[in-house]
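Notes follow the structure.
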Amino acid sequence: MTLLGIIGIWQIILLAFFLSLLLLPVWAIVVMLKNEHEPNNRLLWIVLIILLPIIGSAVYLILRGNSRNRSNYQR
């Protein structure tokens with residue numbers, strides 16, 4: 001089955017997958033800029049996300065959740 005006779009279901013799935021891979025680093029940088037970090041840490045995360053977009057973004061988003069929870073307990 002095709003959409004408009006041009007695009008099939010696998011093309012739609014691949015397009016969604018690759019768009020999510022492109023948007024993940026952008027989302028990670030936006031979240032990082034909204035959070036309070038020291039300037040050196042912020043620069044380090046930006047460089048990591050730019051050099052290794054998928055791995056850097058995933059690591060930041062995973063560790064950010066843990067650090068946010070720890071900071072709530074310390075208050």
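Between Leu43 and Ser20, what FRET efficiency follows from the Cβ-Cβ distance if R0 is 30 Å, with the result rounded to 0.05?
0.70
Using 0.36 nm per residue and subtracting the Cα-Cα separation, the extra length available between Leu33 and Ile7 on full extension is 5.6 nm.
Coordinate-derived values only; no laboratory data. Everything numeric here is computed off the predicted structure, so don't read it as measured data. Backbone-built Cβ (ideal geometry, glycine too); neighbour counts: all protein chains shown.
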